[in-house]
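Q: I have a structure I would like to understand better, so I am pasting it below and will then ask my questions one at a time.
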Amino acid sequence: MNILGINAYHGNASAAIVCDGRLVAAVEEERFNRVKYAAGFPAQAIRYCLHAAGLTLADVDHVGVPRNPWARLGTKLFYAMRMPSFARERAKVLVKFTGVPEALAQAFETDPQNVRARFHRVEHHLAHLASTFFVSPFDTAAVLSADGLGDFASTMWGAGKGNRIDVMGSIAFPHSLGLYYTAVTQYLGFLKFGDEYKVMGLGAYGEPAHLEKFRRIVKTNGRNGNGFRLGLDFFTHHRRGPEMTWSDSGKTPELGPMFSDAMSTLLGPARNPGEPLEQRHRDLAATLQARLEEVLFEILRGLHARTGARAVCLAGGVAFNCVANGKIFDATPFEEVYVQPAAGDAGLAIGAAYHIHHQILGQPRSFVMEHAYWGPEFSKEKVCAAVESSGLARSGFVVAELPEEELARVAAAHIANGKILGWFQGRAEWGPRALGNRSIVADPRRAEMKEILNRRIKHREIFRPFAPSILEEATGEFFEKSYPSPFMTLAYSVRPEKRSIIPAPTHVDGTGRLQTVSRSGNPRYWRLIREFANLTGVPVVLNTSFNDNEPIVCRPEEAIDCFLRTQMDVLVLGNLLITKPLEAS
Ligand SMILES: [Fe+2]
């Protein structure tokens, strides 16, 4: 039974293939077309997934698309009458959705008649819930999806048991924690799609000094888990619709403004992009985060009370809030948390596929996503060909092929000596975090490393933190929590006595958005960190994504190009170690 999940005509377009209940491949379209958060139809991602599974389009039995035009039809019609231009935009996207079978056939240059798969429309948040619970290690768990908007809902929760998820409640447009975060992010002068992450990092520099005001922006009734409502005076999306442009695969999605003048009246003048960041902005970012946590934890406590579950599975863009996720253990009775690496809309592809497998076809559970490496990989021959055609050796770069153990030792020594290392191995990561297969790795002990990385390679805002990768078995030694975080979706406090040992990936508030690395999850990366620990006594490296203001590199050619374009010192591609010409190093 082969099930293809497709997130199309929506941000983070992606595809995933599930064969007999087992995830075989999953990838975002942006990794191929090199457009960050690309929307449109993920033709290249689909082609890759089928190729990885050894299938043709004719072998696909079911196709899942995470959008259901019939969901919340009454709410949709109500707003369509109030916001005709928004309704027209949505109608255009829906027309594209009805053409998914044709687009699929076109991508494979075949007649739509030859596509024998059954097509299923899966409601957006049902796909989010399926994307986390059905690949989690839990037989029973509470489930929560929270994002900006999908099928006119922003939040959905319920209980998962075996191969079923029972929905217990949802919150419909215009009330949305995701749009709340986006609107305040825009108010703070960060206007790009995906900038919420920056503001979460900024919040660590401030104090939540404006909570009473923010409790007017997002209101709860104080009864555990009964949800929330936005103070709509402070927003505009309910009047003119959230202006999102994301049907075009060649462009990063764009968002129109979502906050009203009333927000500026309440909080002071909005910051324009490029204006200096003042303490007031940092405090507002901190309060934005603190209020999100208050509301989220209230929902989670209510969900725990109703389900009695020990574990919770999260999905939706809000589930990328690693700062909040890391506090769940203290703020709620939940003892276990699962957030798969593509918690946002890319994850809808696996969610749609697993919803079909379990909820529609009634198949039993048989798969746990224990690692994130579901994307393309490249043979030794292809890597060597890329190195050859790049002319690296002719330009004086030293290219050496080393056995795995020696490679890890030599690479670790370079890191310990302060070199910046590009580390390209195996299958590309699923989701937006580099987790040791498409990573830039550096010495966490050097406080100056953050500034060096930013100046030489990443060109990011200086207030944004870098992340630590730590040997899973050493987590409790360096962090105040030791619950595994293999997908970098949880942030914990670094133990105070360890902060001066790993200053580079320790954020200003003493936290780290850590990746715990197990020997079974990623043996090569584990070995690299182990060798670094043998040399330095520190079982931690700084890990940032292998890219420079672009989607994470996918192919070896892109890794070489990024290595040459930036000022990285050493590049590891599979078993090849590439160092700069002597005079340049
Ligand atoms: Fe979503």
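The values are calculated or read from the model by the stated rules, or taken from the named source; none is laboratory data. All figures in this text were calculated on a predicted structure; none of them were measured in a lab. Cβ atoms come from the backbone with ideal geometry, glycine included; neighbour counts cover every protein chain shown.
Q: Is it fair to say THR307 is of a type in the set (Val, Ile, Thr) and in contact with a strand residue (DSSP E or B) (Cβ under 7 Å, 6 or more places away or on another chain)?
A: Working: of a type in the set (Val, Ile, Thr): yes; in contact with a strand residue (DSSP E or B) (Cβ under 7 Å, 6 or more places away or on another chain): yes.
Yes: the conditions hold for THR307.
Q: Another question, if that's okay. Residues being more than 22 Å from ALA533 (Cβ to Cβ) and surrounded by fewer than 23 Cβ atoms within 10 Å (Cβ to Cβ): count how many of those fall in segment 433-451.
A: Number of matching residues: 1.
Q: Do you know which residues across segment 342-381 are in contact with a Lys or Arg (Cβ under 6 Å, 6 or more places away or on another chain) and either within 16 Å of the ligand (Cβ to nearest atom) or within 16 Å of PHE487 (Cα to Cα) (or both)? Outline the logic, then answer.
A: Let us first name the residues in segment 342-381 that are in contact with a Lys or Arg (Cβ under 6 Å, 6 or more places away or on another chain), namely 367, 373, 375, 377.
Of everything in segment 342-381, those that are in contact with a Lys or Arg (Cβ under 6 Å, 6 or more places away or on another chain) and either within 16 Å of the ligand (Cβ to nearest atom) or within 16 Å of PHE487 (Cα to Cα) (or both) turn out to be TYR373, GLY375.
Q: Select from segment 108-127 the residues that are more than 16 Å from the ligand (Cβ to nearest atom), in contact with a Pro (Cβ under 9 Å, 6 or more places away or on another chain) and not in a loop (DSSP other than H, G, I, E, B) and list them in ascending order. Explain how you work it out, then say what you get.
A: Our first condition is that a residue be more than 16 Å from the ligand (Cβ to nearest atom); within segment 108-127, this holds for 108-120.
Those still in the list that are in contact with a Pro (Cβ under 9 Å, 6 or more places away or on another chain) too: 112, 115, 117, 119.
Matches in segment 108-127: PRO112, PHE119.
Q: Out of the residues in segment 128-155 meeting the condition of being within 11 Å of the ligand (Cβ to nearest atom) and over 16 Å from the mean Cα position of the chain (by Cα), tell me which one is surrounded by the fewest Cβ atoms within 10 Å (Cβ to Cβ).
A: Result: LEU149.
Q: Within segment 355-388, which residues are out of contact with any Gly (no Cβ under 8 Å at 6 or more places or on another chain) and farther than 26 Å from ARG524 by Cα?
A: Listed by number, the residues that qualify are HIS358, GLN359, ILE360, LEU361, GLY362.
Q: Can you find a residue that is free of Cβ contacts under 8 Å to residues at least 40 places away in the same chain and farther than 20 Å from LEU361 by Cβ anywhere in segment 127-146? Break it down stepwise before answering.
A: Let us first name the residues in segment 127-146 that are free of Cβ contacts under 8 Å to residues at least 40 places away in the same chain, namely none.
No, segment 127-146 contains no residue that is free of Cβ contacts under 8 Å to residues at least 40 places away in the same chain and farther than 20 Å from LEU361 by Cβ.
Q: Looking at ALA385, ALA412, ALA400, can you tell me which residue is over 30 Å from GLY317 (Cβ atoms), more than 22 Å from the chain's Cα centre (by Cα) and surrounded by 21 or more Cβ atoms within 10 Å (Cβ to Cβ)? Working first, answer last.
A: Details: ALA385 fails: surrounded by 21 or more Cβ atoms within 10 Å (Cβ to Cβ); ALA400 fails: surrounded by 21 or more Cβ atoms within 10 Å (Cβ to Cβ).
Answer to the check: ALA412.
Q: Kindly list the number of the only condition in (1) over 30 Å from VAL24 (Cβ atoms); (2) assigned to a loop (DSSP other than H, G, I, E, B); (3) in contact (Cβ under 8 Å) with a residue 60 or more places away in the chain that fails for GLY418.
A: With respect to (1) over 30 Å from VAL24 (Cβ atoms); (2) assigned to a loop (DSSP other than H, G, I, E, B); (3) in contact (Cβ under 8 Å) with a residue 60 or more places away in the chain, GLY418 is out only on (3).
Q: Can you name the residue in segment 327-381 that is outside any loop (DSSP other than H, G, I, E, B) and without any contact (Cβ under 8 Å) to a residue 40 or more places away in the chain and is also surrounded by the most Cβ atoms within 10 Å (Cβ to Cβ) among such residues?
A: If we take residues in segment 327-381 being outside any loop (DSSP other than H, G, I, E, B) and without any contact (Cβ under 8 Å) to a residue 40 or more places away in the chain, then ILE328 is surrounded by the most Cβ atoms within 10 Å (Cβ to Cβ).
Q: So, one more: Could you go through segment 38-50 and let me know if any residue there is among the hydroxyl-bearing types (Ser, Thr, Tyr), crowded, with 24+ Cβ neighbours inside 10 Å and within 22 Å of ASN437 (Cα to Cα).
A: Going residue by residue through segment 38-50, those that are among the hydroxyl-bearing types (Ser, Thr, Tyr) are 48.
Filter again for crowded, with 24+ Cβ neighbours inside 10 Å, leaving none.
No, that holds for no residue.
Q: Within segment 297-324, which residues are under 30 Å from GLY40 (Cβ atoms) and either of a type outside the set (Gly, Ala, Ser) or more than 16 Å from the ligand (Cβ to nearest atom) (or both)? Give the derivation first.
A: In the first step, residues of segment 297-324 are kept if they are under 30 Å from GLY40 (Cβ atoms); the result is 313-322.
CYS313, LEU314, VAL318, PHE320, ASN321, CYS322 - these are the residues of segment 297-324 that are under 30 Å from GLY40 (Cβ atoms) and either of a type outside the set (Gly, Ala, Ser) or more than 16 Å from the ligand (Cβ to nearest atom) (or both).
Q: Sticking with this one: Give just the number: which of (1) outside any loop (DSSP other than H, G, I, E, B); (2) out of contact with any Leu (no Cβ under 7 Å at 6 or more places or on another chain); (3) within 28 Å of ALA533 (Cα to Cα); (4) not aromatic (Phe, Trp, Tyr) does ALA400 not satisfy?
A: All conditions are met except number (2).
Q: For segment 198-219, check the following and say yes or no: at least one residue is of a type outside the set (Val, Ile, Thr), within 30 Å of ASP233 (Cα to Cα), touching a residue at least 40 places away in the same chain (Cβ under 8 Å) and within 16 Å of the ligand (Cβ to nearest atom). Break it down stepwise before answering.
A: Looking only at segment 198-219, we keep the residues that are of a type outside the set (Val, Ile, Thr), and these are 198, 200-216, 219.
Right, trim to within 30 Å of ASP233 (Cα to Cα) and you get 198, 200-216, 219.
Now drop any that are not touching a residue at least 40 places away in the same chain (Cβ under 8 Å), which leaves 198, 200-211, 213-216.
Filter once more, so that each one left must be within 16 Å of the ligand (Cβ to nearest atom): none.
No, because not a single residue in segment 198-219 is of a type outside the set (Val, Ile, Thr), within 30 Å of ASP233 (Cα to Cα), touching a residue at least 40 places away in the same chain (Cβ under 8 Å) and within 16 Å of the ligand (Cβ to nearest atom).
Q: Counting only residues that are part of a helix (DSSP H, G or I) and in contact (Cβ under 8 Å) with a residue 24 or more places away in the chain, how many does segment 52-75 have? Break it down into steps so the answer makes sense when it comes.
A: To start, the set of residues in segment 52-75 that are part of a helix (DSSP H, G or I) comprises 52-53, 57-59, 73-75.
Remaining after also requiring in contact (Cβ under 8 Å) with a residue 24 or more places away in the chain: 52-53, 57-59, 75.
Selection size over segment 52-75: 6.
Q: For segment 522-545, indicate whether the set of residues that are over 19 Å from the mean Cα position of the chain (by Cα), part of a loop (DSSP other than H, G, I, E, B) and under 16 Å from GLY422 (Cα atoms) is non-empty.
A: no
Q: Among the residues of segment 515-555 satisfying the criterion of being in contact (Cβ under 8 Å) with a residue 60 or more places away in the chain and hydroxyl-bearing (Ser, Thr, Tyr), which is surrounded by the most Cβ atoms within 10 Å (Cβ to Cβ)?
A: So the residue we want is TYR525.
Q: Of the numbered conditions (1) at pLDDT below 95; (2) over 18 Å from GLY21 (Cα atoms), ALA117 satisfies every one except a single condition; which is it?
A: Only one criterion in (1) at pLDDT below 95; (2) over 18 Å from GLY21 (Cα atoms) is unmet by ALA117, namely (2).
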